[in-house]
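J.: Right, I'll just put the structure down here and ask away after.
Bear in mind that the values in this text are calculations on the coordinates, not laboratory data. Just so it is clear, the model here is predicted, and its values are computed rather than measured. So basically every Cβ, Gly included, is an ideal-geometry build from the backbone, and we count neighbours across all protein chains shown.
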Amino acid sequence: MLAKKIIIANWKMNLNLSETLALAKKFKEKFAGFKEGEVVICPSTLTLDHVAKIIKTGKLKLGAQNVFWEDKGAYTGEISADMLVEAGCEYVIIGHSERRRYLFENYEMIHKKVRAVLETEKLAPIVCIGETIEEKESDKRDFVLVEQLQQALSGIDVFGNQQIIIAYEPVWAIGTGTAIEPSEAEYAHKIIKLALNDMFGMQVVSKNFRIIYGGSINSKNVKKFADLEDMNGLLVGGVGLKADDFFKVVKEITK
Ligand code: PEP
């Protein structure tokens, strides 16, 4: 696994333009001298260009919350991977459970998006996987995780320094205020790593993949996640909207 942890703040559809710019400026100040890890902010699509200008001289990186799989054409409302690169993005979230739930995004679409993103060679996909509460309660978690990985990534070539982030996000833990037990997250990450090793080989996995956790992380519970095996970072929602708390989370996980 790559040594540097990555912490991604997904601002979702929570902030208007002026709120976004104000938070981006606060983040920039907070992380001015930060070098222990990689911090990515994912504001709404409309604000990407503005945020890119603010953070261009600092330590933060820019990510988008969604992408389309075609590079050009009559696809009303969609945005291509190249357009995101042009806006200054280095990362893009793919297949977040909110998109799977509200927009019926499925793993065939997720697969096409991952492919399109990797083809740019300038953008890294953050692929979200995770079980629902029903799947957890019927003991299907491990199967679901492997299946989602295979559907998203089978047949995809990973070469050079291309990076892929796998975000393990148990759907039932997102936005609830209660994170999964750290030992459960560690176990799920192990399953994910084994499945990736099977698909891509250990060398590629350790060079090109990072596995991160997402689901109700805050400045108090993060400590318990810091030393877990195969824990290469975090994807956060709520805490990513509070600059001070987010900074504490990042410091703690990268200690
Ligand atoms: C998320 O939406 O991916 C997420 C992790 O949100 P929260 O941190 O608010 O649970």
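J.: Please report, largest first and rounded to whole Å, the three semi-axes of the ellipsoid equivalent to the stretch 6-253, where each semi-axis is the square root of five times an eigenvalue of the C-alpha gyration tensor.
T.: Over the Cα atoms of the stretch 6-253, the semi-axes work out to 25, 23, 17 Å.
J.: Check which residues have an amide H placed less than 5 Å from G233's amide H, if you skip close sequence neighbours.
T.: For G233, the qualifying residues are I6, Y213.
J.: If I build a Gaussian network model for the chain, linking alpha-carbon pairs within less than 10 angstrom, which residue out of K35, K61, K207 has the largest mean-square fluctuation?
T.: Result: K35 has the largest fluctuation of those listed.
J.: Here is a further query. For I166, enumerate residues with amide H under 5 Å from its amide H, sequence gap 5+ or separate chain, H modeled in the peptide plane.
T.: Correct list: V127, R210, I211, I212.
J.: For the stretch 121-169, what is the convex hull (Cα atoms) projected area averaged across all directions, in square nanometres?
T.: If I average the Cα hull's projected area over directions, I get 3.7 nm².
J.: How far apart, in nm, are the 7 Å Cα→Cβ label points at S18 and E134?
T.: It is 4.4 nm.
J.: Could you check which residue among K136, K193, K53 shows the biggest mean-square fluctuation in a GNM of the chain with a 10 Å Cα cutoff?
T.: K53
J.: Full-extension gain between K242 and Q151, please, as 0.36 nm times their residue separation minus the C-alpha to C-alpha distance.
T.: Extra length available between K242 and Q151 comes to 29.3 nm.
J.: I'd like the FRET efficiency for K35 and E181, computed as 1/(1 + (r/R0)^6) with the beta carbon distance as r and R0 of 35 Å, rounded to 0.05.
T.: With R0 = 35 Å, the Cβ-Cβ based efficiency is 0.65.
J.: Quick one: what are the phi-derived ³J(HN,Hα) couplings along the stretch 169-177, Karplus 6.51/-1.76/1.60 with θ = phi - 60°, whole Hz, x for glycine and proline?
T.: 10, x, 4, 6, 9, 6, x, 9, x
J.: Treating only the Cβ atoms of Lys and Arg (+1) and Asp and Glu (-1) as charged, compute the dipole magnitude of the stretch 133-255 about its Cα centre; round to the nearest 20 debye.
T.: In debye, rounded to 20, the stretch 133-255 gives about 540.
J.: Go through the stretch 50-88 and name the chymotrypsin sites (Phe, Trp or Tyr not before Pro) that are in a DSSP coil and have 12 or fewer other Cβ atoms within 10 Å of their Cβ.
T.: Sites meeting the loop and neighbour criteria: Y75.
J.: Using modelled amide H (1.01 Å from N, peptide plane; none on Pro or chain starts), what sits under 5 Å from the amide H of V92, excluding residues fewer than 5 places away?
T.: Amide H neighbours of V92, under 5 Å, 5+ apart: A64, A124, I126.
J.: Dipole of the chain, Cα-centred, from +1 at each Lys and Arg C-beta and -1 at each Asp and Glu C-beta, to the nearest 20 debye?
T.: It works out to roughly 1120 debye.
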